[in-house]
Each structure stands twice: as C-alpha cells, then as structure tokens.
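Take a look at the structure set out below.
The values are calculated or read from the model by the stated rules, or taken from the named source; none is laboratory data. Keep in mind that this is a model prediction, so the values were computed, not measured. Here the Cβ positions follow ideal geometry from the backbone for every residue, glycine too, while neighbour counts run over all protein chains shown. All accessible areas refer to the heavy atoms of the entire protein, side chains included, with ligands and DNA or RNA removed. Shrake-Rupley method; radii C 1.70, N 1.55, O 1.52, S 1.80 Å.
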Amino acid sequence: MTSPLRPVSAVDALAGELRRRVLSGEVAPGTPLPEQEIAATYGVARPTVREALATLVHEGLLRRERNRSAYVPEVTPADLDDLMYVRRPLEDLMATAVAGRRVPEADAALARLEALPAEAPWSDTVAEHMALHGALIVAVGSPRLERLYGALAAETRLGLVRLREVYEDREVLVREHRELLDTIADGPVEAARAAVAAHLGHTWGVDPAEGGPSRS
C-alpha cells in the first residue's frame with residue numbers, strides 16, 4: 001500500500017529552491033537576498049518569501065540582521081579549521097563505537113551519492129555526504145553525540161560548498177567514502193580510528209601552504 005503524497009507548500013518549495021542555490025554555491029557568501037527581488041523572480045508573495053527565508057535562517061544557511069536583507073554567512077578557512085577541531089573527536093568516538101560493523105544507512109547514502117547524474121546540482125552531493133556521516137553518528141546510539149554533531153551541521157554544509165572545486169570528479173569523493181566505510185566495517189578499532197582521522201585530516205577549501213584548494 002502506498003502512502004499518500006504530501007502537498008508541498010509554496011513556502012517549502014521556495015525554501016527548497018533557495019537551499020539548493022545556497023548549497024550549490026550559486027549564491028556567494030555575503031550576497032543579499034532581498035525579499036522583493038525574490039518575490040518577483042519566483043512569482044510569489046512577500047510573506048511567502050519571508051517564511052522561506054526564515055526557514056533557512058533557522059537551519060543556519062542564511063543570516064539575517066536588523067535593517068538588512070538575509071545573506072549567506074561567510075565561513076572562512078579559519079572557521080572551518082576550528083569546525084574540524086571540534087568534529088574530529090566526535091567522529092573518533094564514532095569510529096571507536098562502530099568499528100567492525102557495517103552501517104546500512106551509510107551504505108545507502110553512498111549508493112545514492114554514486115548514482116547521482118553528472119548534471120546533478122552540488123547540493124545533492126552535499127545532502128548525501130551529510131547523510132552518510134550522519135548515519136555513522138546515529139549508529140553509535142548516543143543521543144548526546146547526535147545533538148553535538150547536529151549543532152555543527154549548518155557550518156559543515158556551508159563548508160562542503162567549497163569542495164565542489166576540489167571534487168570535480170564525483171567518483172573520487174565516492175571512492176574515498178567507500179574506502180572509509182569498508183575500513184570502519186572491517187576493523188579493528190585502531191584501524192577505523194586511523195581511517196577517520198586521515199579522512200578528516202585535510203583543511204577545507206584552501207591549503208595554507210599553497211593557497212589553493214585541498215580536500216577535507
């Protein structure tokens with residue numbers, strides 16, 4: 001028996017489109033998103049725009065200040081290095097707990113990532129990348145670890161926008177994550193921990209030594 005389809009409201013549809021544009025890098029950090037301009041572009045009322053923007057502000061993908069249009073916040077290389085400083089110990093806890101197990105939800109996210117068509121927007125890659133790492137965290141079975149990791153989600157997603165220039169060939173990203181999942185599943189614990197540390201051991205978007213992009 002199939003489930004009934006849930007109608008998508010104009011607010012949800014607009015929020016989804018704006019989210020796609022932000023996470024595909026189409027809207028550069030600092031670019032204002034005036035309500036009137038968005039309303040005219042998409043043919044919707046300003047209250048609809050206001051609600052859609054509020055959704056993305058709540059998700060941390062946009063920032064809104066008094067007397068200023070909403071905009072994509074700038075996430076600097078220093079911000080992202082600090083993000084990884086916090087994220088590494090959380091994922092080390094994951095590696096310790098999950099080593100020796102396959103996580104079907106993470107494997108499914110990897111399969112979806114691999115199946116994305118070449119013309120798919122980068123936001124789809126971001127979504128599956130987040131789903132894969134999130135599934136590993138959930139597999140630990142610690143609600144507090146999930147909450148701590150979830151608090152980093154917005155900055156992580158914005159950081160992943162930078163990687164579209166690093167992973168021009170999506171297959172490289174797929175291969176790296178397949179190797180990560182296989183190593184975690186095979187164990188032992190120390191091998192899983194080392195694989196996670198290596199996976200997270202790169203700076204985001206800018207290599208401090210060379211001034212160019214590097215993997216995260």
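Values computed for the structure shown
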read-out	value
Anisotropy class of the stretch 100-175 from Cα gyration tensor, a/c 1.5 cut	oblate
Kirkwood Rh, Cα atoms: Rg over Rh of the stretch 28-95	1.16
Volume per residue that the Cα convex hull of the chain spans, once the total is divided by residue count, Å³	154
Neighbour count of at most 12 Cβ within 10 Å plus DSSP loop: longest GluC sites (Glu not before Pro)-free window in the chain	1-64
Neighbour net charge for ARG20 - beta-carbon separation under 11 angstrom, K R +1, D E -1	-1
Spin-label pair ARG101/ASP169, simplified geometry with 7 Å Cα→Cβ offset, distance in nm	3.5
Net charge of neighbours whose Cβ lies under 15 Å from the Cβ of ALA40, counting Lys and Arg as +1 and Asp and Glu as -1	-1
Label point distance in nm, THR41-GLU190, each placed 7 Å from Cα along Cα→Cβ	5.3
Accessible carbon and sulfur surface of the chain relative to its total accessible area, %, 1.4 Å	54
Loop trypsin sites (Lys or Arg not before Pro), the stretch 49-140 (other Cβ atoms within 10 Å of the site Cβ: 15 or fewer; DSSP)	ARG64, ARG66, ARG68, ARG101, ARG102
Average projected area [Cα convex hull, the stretch 1-117], square nanometres	11.6
Relative contact order computed over the chain (Cα-Cα under 8 Å; 6+ residues apart), in percent	23
1.4 Å probe accessible area per residue over the stretch 1-124, in Å²	58
Rounded to 10°, Cα long-axis angle of helix 104-115 versus longest principal axis of the chain	60
